[in-house]
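Student: Quick one: the structure is below, questions incoming.
The values are calculated or read from the model by the stated rules, or taken from the named source; none is laboratory data. Since this is a predicted model, take the numbers as computed values, not measurements. Because the Cβ atoms are built from the backbone with ideal geometry, glycine has one as well, and the counts that use them run over all protein chains shown.
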Amino acid sequence: MKRNKYIIFCFFLVLVLSSFSSCEKDEDFSVLPAETQSGNNTFGCYVEGKRFFGGYLIHFGISPLSAVYHIKQELLNINADGKFEDNKQGSMGIQIYNPKVGVPIKMQRAIFEYYPRIFPGSSSVFTEFGVSDGGEVIITKFDTINKIVSGRFSMIGKGAVDIDNFTGNDLIKITEGRFDLKISQISNN
């Protein structure tokens, strides 16, 4: 009798575990994530025409997507570690001062990094964007009660930097950017 219970239990356990594995979400890397406003933790853009998806690299317990709002400074920091459609990796950080819904905000600062190398002859490429580069963010939802921030962005970055050989002359175009994130931290700093 005990043996039958054990066999039934094992069968049930295998059935339950197999149902969990079939519930995994299949990621579609042929299109960018949809523009949503419900805190879905999505981030995507085109970098020189290549699709980039945030949220796919994990560094020792650090979330690959984060949004932190500093109330006193009126500063929103968005960070996304991710990958391109061809599995090359990258990272993007955007700083937005005085975030307001529906108002085009000139990009104050953004950083994008490719790794491993994408451009011939470079070990890594680091690009920093300034206000004069014409970057723009439009916040479509900024809800500090439910901790959701959503929006879209685009920019042209000047000064692609080869870590081993600073050139500062390249332009990198980032278009059709969108994010829908849970605000991971709200600070009074």
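Student: What are the pairs, 6+ residues apart or on separate chains, where a residue within the range 176-189 that is closer than 12 Å to residue 144 by Cβ has its Cβ under 9 Å from a residue that is surrounded by 15 or more Cβ atoms within 10 Å (Cβ to Cβ) and among the aromatic types (Phe, Trp, Tyr)?
Tutor: Pairs that qualify, where the first residue is closer than 12 Å to residue 144 by Cβ and the partner is surrounded by 15 or more Cβ atoms within 10 Å (Cβ to Cβ) and among the aromatic types (Phe, Trp, Tyr), are 183/69; 183/142; 185/69; 186/69; 187/69.
Student: Going by the conditions given, is residue 67 assigned to a strand (DSSP E or B), under 25 Å from residue 173 (Cβ atoms), of a type outside the set (Val, Ile, Thr) and modelled with pLDDT of 95 or more?
Tutor: Taking the combined requirement at face value, the residue satisfies it.
Student: If a residue must be surrounded by 12 or more Cβ atoms within 10 Å (Cβ to Cβ) and modelled with pLDDT under 70, how many such residues does the range 144-166 contain?
Tutor: 6
Student: With respect to the numbered conditions (1) modelled with pLDDT of 95 or more; (2) among the small types (Gly, Ala, Ser); (3) more than 23 Å from residue 146 (Cβ to Cβ), which one is the sole condition not fulfilled by residue 38?
Tutor: If we test residue 38 against (1) modelled with pLDDT of 95 or more; (2) among the small types (Gly, Ala, Ser); (3) more than 23 Å from residue 146 (Cβ to Cβ), just (3) comes out false.
Student: Just name the residue that is nearest to residue 54 (Cα to Cα) out of those in the range 129-143 that are surrounded by 13 or more Cβ atoms within 10 Å (Cβ to Cβ) and at pLDDT below 60.
Tutor: Taking the candidates together, the pick is 129.
Student: Would the range 85-108 turn up any residue that is at pLDDT below 95, farther than 26 Å from residue 188 by Cβ, over 16 Å from the mean Cα position of the chain (by Cα) and surrounded by 17 or more Cβ atoms within 10 Å (Cβ to Cβ)?
Tutor: Among the residues of the range 85-108, not one is at pLDDT below 95, farther than 26 Å from residue 188 by Cβ, over 16 Å from the mean Cα position of the chain (by Cα) and surrounded by 17 or more Cβ atoms within 10 Å (Cβ to Cβ), which makes the answer no.
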